[in-house]
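Input: a single structure, listed below in structure tokens.
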Amino acid sequence: MNLFSLVFPVGLGLGSIVLAELVRDVYHVAGHYWPPLQSLHMLHHRAYRRDLSIANLDVYRRSQLYNDVPESLVMFAVTALVAWASHQPAMLLGSLYALGFMAGAIARSQGYGMWTDLTHEPGDLTQIPSVWAVNRTYHWRHHFDQGNAYFSGYLTVVDKVLGTSLSLKGKVVAVTGASGSMGQSLIQELIRQGAKTIALTSSDRLTETDRMKVVSWQIGDEDQLRDRLKQVDILIINHGLNVHGDRTPEGVQASLEVNALSAWRLANVFMSTVNDSTDRATKELWINTSEAEVSPAFSPLYEISKRLIGDLITLRRLDAPCIIRKIVLGPFKSNLNPVGIMSPRWVARMVVFLAKRDVRTIIVTINPLTYLVFPLKEWGRSLYFRLFSRPAP
């Protein structure tokens, strides 16, 4: 008996469990959009308070019986059918998994085994939303942030495919550098996604609209935005400066202050507003660092300052109180880079497209090496920081 003959059935069995989970998530999506299932699924939503404690025990038991049990039967039927059609007995592991899920649902409908309802465990949310395996914070958003998103039960695959890993509808999103090409493009795309935007700018060229408020601020005044940022769900730090070939002390100071130190201060002011479970679940920081972290930009001070803020954000990610997304962009056309190749509107659409699929290091560039080198660099720096630094007590 060779290694393949042992590994292959194990792989099929684990794959059948993943299939069962995908079926469950598709059934869940149908429960929001297909009328015959909607009333049954709404029992599930009515069963919980905002802290995920049970609001009504009778409704909870009925939701287990009329929502979770049929769901598990569909899981069982699909996995059993696939096992039969493929003539692979190992695929029946998914069917056994579905039966176990059904047994748990029946027990909960009778008031037993409540501890098995892991994603609905009551209490404060202590973690930020997870990336690949659903935790309580991730699922909380489905109940109390946006019901028509965050559908995944244990694996986040379906949400990543559908673009429902992040809902921007109704979110308050603040964008610095709002008068620049990328800032304006991001705001337009966010508005198209249903967000309410705040343009943080030092320019007087922007005019308020129903979906965009304009707030004036200056570099160095980050702390004065604290009260405003308390009401913001997502902060996008997008402002920057390129002094090109300048290497004077003044150029050094300006590059560090605008590209690194101001962004660092503003990031920390925003994260200081993350105070409770709702904030941990819904607040996010997006920061535009640039592929200059790993590639030459033919502007030494731009590269130095962007690498500094990039490393600081990588360090902060280790124990951040909310999701932090890095936005790593290649050469787009703007006042900072008039010879840029990519359209800022297209870049903004790609940034939002990837964020909605919960990509936390968003890379949009024409340089294929960046897609390989940057994740390796990010992983290596993160590991180094984790090994040789410690969080604040």
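Relative contact order for region 127-201 using alpha-carbon pairs under 8 Å, separation at least 6, rounded to a whole percent? Can you show the working numbers first?
Details: 104 pairs, mean separation 17.0, N = 75.
Relative contact order, region 127-201: 23 percent.
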For the pair TRP115 and SER86, the simple spin-label estimate (label points 7 Å beyond Cα toward Cβ) gives in nm 3.4 nm
Three-way shape label, region 228-358, alpha-carbon gyration tensor, a/c 1.5: oblate
By its C-alpha gyration tensor, with a ≥ b ≥ c as the square roots of the eigenvalues, how is region 182-280 shaped: rounded for a/c under 1.5, else prolate for a/b larger than b/c, else oblate? oblate
With a cut-off of 17 Å, note down the residues of region 111-151 whose backbone N falls inside the zone around a label point 7 Å from the Cα of VAL74 toward its beta carbon. 148-151
Please check: in the Gaussian network model of the chain (C-alpha springs, under 10 Å), which one of ILE304, ILE287, ILE128 has the largest mean-square fluctuation. ILE304
Among the trypsin sites (Lys or Arg not before Pro) in region 197-265, which ones are in a DSSP loop with at most 15 other Cβ atoms within 10 Å of the Cβ? Mind listing them? ARG205, ARG211, LYS230, ARG247
For region 147-213, give the share of DSSP beta bridges that are antiparallel, in percent and rounded to the nearest 5; count only bridges with both residues there. 10 percent
The simple spin-label model distance between LEU162 and SER53, using points 7 Å out along Cα→Cβ, in nm, is 3.0 nm
Length-normalised contact order of region 215-355, Cα under 8 Å, at least 6 apart, in percent, tallies to 25 percent
Please work out the C-alpha center-to-center distance from region 184-198 to region 94-133 and express it in whole Å. 36 Å
Restricting to Cα pairs under 8 Å and 6 or more apart, the percent relative contact order of region 259-337 works out to 42 percent
Long-range HN-HN contacts of ARG325 with modeled amide H, under 5 Å: LEU285, TRP286, ILE287
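Classify region 44-142: rounded, prolate or oblate, from the alpha-carbon gyration tensor (a ≥ b ≥ c, eigenvalue square roots; a/c under 1.5 rounded; otherwise prolate if a/b is larger than b/c)? Walk me through the numbers on the way to the answer.
On the way: a/c = 2.81, a/b = 1.60, b/c = 1.76.
It comes out oblate by the Cα gyration axes.
In debye, nearest 20, what is the charge dipole magnitude of the chain about its Cα centre with +1 on Lys and Arg Cβ and -1 on Asp and Glu Cβ, if you could check?
On the way: 40 positive and 33 negative charges, 55 e Å.
In total the dipole reaches around 260 debye.
Excluding PHE298 itself, what net charge comes from residues whose Cβ is under 14 Å from its Cβ, given Lys and Arg +1 and Asp and Glu -1? List each step's numbers first, then the result.
On the way: positive: ARG247, LYS306; negative: ASP246, GLU291, GLU303.
Computed value for this residue: -1.
Report the charge-dipole magnitude of region 143-225 in Debye, nearest 20, computed about the Cα centre from +1 at each Lys and Arg Cβ and -1 at each Asp and Glu Cβ.
Numbers: 8 positive and 9 negative charges, 75 e Å.
With Lys and Arg at +1 and Asp and Glu at -1, about 360 debye.
Could you please report the charge total around TYR27, scoring K, R as +1 and D, E as -1 over all other residues with beta-carbon less than 13 angstrom from its beta-carbon? Let's see the in-between values first.
Details: positive: ARG24; negative: GLU21, ASP25, ASP68, GLU71.
Taking every Cβ under 13 Å from that of TYR27, the sum is -3.
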For TYR48, list long-range residues whose amide hydrogen, built 1.01 Å from N in the peptide plane, is under 5 Å from its own amide hydrogen. ALA55
How do the peptides 338-345, 309-316 rank, highest first, by the average count of neighbouring beta carbon atoms within 10 Å per residue? 309-316, 338-345
Considering the dipole of the chain built from charges on the beta carbon (Lys and Arg +1, Asp and Glu -1) around the Cα centre, which of LEU155, MET75, PRO321 is farthest to its positive end? MET75
What share of the DSSP beta bridges in the chain is antiparallel, in percent to the nearest 5? 10 percent
About its Cα centre, what dipole magnitude does region 85-198 give when the only charges are +1 on Lys and Arg Cβ and -1 on Asp and Glu Cβ, stated in debye to the nearest 20? 260 debye
Can you give me the long-range amide H partners of TRP217? Hydrogens built in the peptide plane at 1.01 Å from N, cutoff under 5 Å, separation of 5 or more residues or another chain. THR201, SER202
Express in nm, to one decimal, how much length is gained between ARG205 and GLN127 on full extension, taking 0.36 nm for each residue of separation and deducting their alpha carbon distance. 24.0 nm
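Carbon and sulfur together cover what percent of the accessible area of the chain at a 1.4 Å probe radius? Don't jump to the answer; show the numbers that get you there.
Details: 11830 of 18970 Å².
So the carbon and sulfur contribution to the accessible surface is 62 percent.
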Hey, got a sec? Which trypsin sites (Lys or Arg not before Pro) in region 43-130 land in a DSSP loop and have at most 12 other Cβ atoms within 10 Å? ARG49, ARG50
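Can you give the extra length, in nm with one decimal, that the chain gains between LEU96 and ARG247 once fully stretched, where that is 0.36 nm per residue apart less the Cα-Cα distance? If you can, show how the numbers build up before the last one.
Values: separation 151, 0.36 × 151 = 54.36 nm, distance 6.67 nm.
Net length gain for the segment: 47.7 nm.
Per residue, how much accessible area does the chain show when a 1.4 Å probe rolls over the protein heavy atoms, in square angstrom? Intermediate values should be presented prior to the final figure.
Values: 18970 Å² over 393 residues.
Ligands and nucleic acids excluded, the result is 48 Å² per residue.
The values are calculated or read from the model by the stated rules, or taken from the named source; none is laboratory data. Since this is a predicted model, take the numbers as computed values, not measurements. Every residue, glycine as well, gets a Cβ built from its backbone with ideal geometry; the counts of neighbours run over all protein chains shown. When the accessible area is computed, the model is the full protein with side chains, heavy atoms only, and any ligands, DNA or RNA have been set aside. Shrake-Rupley method; radii C 1.70, N 1.55, O 1.52, S 1.80 Å.
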